[in-house]
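Read through the structure below, which is laid out as structure tokens, and then see the notes.
Each reported figure results from applying straightforward, stated rules to the coordinates on display, with no laboratory input. Note that the structure is a prediction, hence the values are computed from the model and not measured. Using ideal geometry, Cβ is built from the backbone for each residue, glycine included, and neighbour counts are taken over all protein chains shown.
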Amino acid sequence: MSEIKYQRVLIKLSGEALAGDAGIGIKPPEIRKVAEEIKEVYDLGVQIAIVVGGGNMWRGQSGEQMGMERAQADYIGMLGTVMNALALQDNLETIGVPTRVQTAIEMRQVAEPYIRRKAMRHLEKGRIVIFAGGTGSPYFSTDTTAALRASEINADVILMAKNGVDGVYSADPRKDENAVKYDHLTHMEVINKGLQVMDTTASSLSMDNDIPLVVFNMNERGNIQKVIEGENIGTTVEGK
């Protein structure tokens, strides 16, 4: 059996990971690929929580730019994360993985309300928990949600799954051919260099609670398992 470095993980998925190349909506083949990748790690006995973004459905900042009140635009984005979470739950359970969705905004007909102790119990019983609805408050990103929930459930690490980018670079490698990849950074270096791995609130929260972050390419099959087993891929962010 493979040696496991992290026993309890929080995976941060972007909404675009469920949308494929289009970047918009939910594409069934793409979400099935994500579910199967997660199942491979689940089968190792790892406790898994997931925070999924909603950028494939809606972005609050885009709504604000169109003249919408920012808080209202953010609430729409939170609902988008619930749609993604339910779709991911369905795909995971179709392939035999017990899953619970918990939302920061109550909608009891479709998901459980977020209750920390209940989430911990689900993880201990071998269920994947998907946290949806962001933090429940506007002005906070799903990156901040990931850092917050990881702190609350005592996760060993946050796995930041990126689309097509294999770590943290000094600039966007898709736009700047001179961009340099970092193998290791501290949370403070991420903040001071303005590297935008996570927003500043999320980075500060991760630093204050001493939660490491591994940024890696989600598009390469098997990468989640490689990180779980301690293989040095992507960029590791830890310490102050």
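Here are some notes:
- Taking amide H as placed 1.01 Å from N in the peptide plane, ILE11 has its amide H under 5 Å from the amide H of ALA49, ILE50, VAL51, LEU159, each at least 5 places away in sequence or on another chain.
- Of the trypsin sites (Lys or Arg not before Pro) found in the range 151-214, those that fall in a DSSP loop while having at most 11 other beta-carbon atoms within 10 Å are ARG174, LYS175.
- Euclidean distance between Cα centres, the range 165-193 to the range 110-144, Å: 29
- Over the chain, DSSP H runs of length four or greater, each weighted -39,500 (n - 2.57), average out per residue to a 222 nm ellipticity of -11000 deg cm²/dmol.
- With the gyration tensor restricted to C-alpha atoms of the range 129-240, the semi-axes of the equivalent ellipsoid amount to 21, 17, 14 Å, longest first.
- Two tests apply to each whole DSSP H helix in the chain, Cα reach of 20 Å or more along its axis and mean Kyte-Doolittle hydropathy of at least -1.0, and the ones passing both are 28-42, 70-94.
- Neighbour net charge for GLY23 - beta-carbon separation under 14 angstrom, K R +1, D E -1: +1
- Ordered by the count of other Cβ atoms within 10 Å of each Cβ, fewest first, THR235, THR200, THR99, THR94 give THR94, THR200, THR99, THR235.
- In terms of Cα atoms, the Rg and Dmax of the range 12-102 work out to 14.2, 48 Å.
- Cα-derived Rg over Rh, computed across the range 8-237 with Rh taken as Kirkwood radius: 0.94
- Residue among ILE95, ILE50, ILE211 with the largest mean-square fluctuation in a Gaussian network model of the chain, springs linking Cα atoms under 10 Å: ILE95
- For the range 71-143, trypsin sites (Lys or Arg not before Pro) meeting the loop criterion (DSSP other than H, G, I, E, B) and having at most 12 other Cβ atoms within 10 Å: ARG108, LYS125.
- Antiparallel %, DSSP beta bridges [both residues in the chain], to 5: 15
- Counting charges near ASN192 (Lys, Arg +1; Asp, Glu -1) among other residues having Cβ under 15 Å from its Cβ returns a value of 0.
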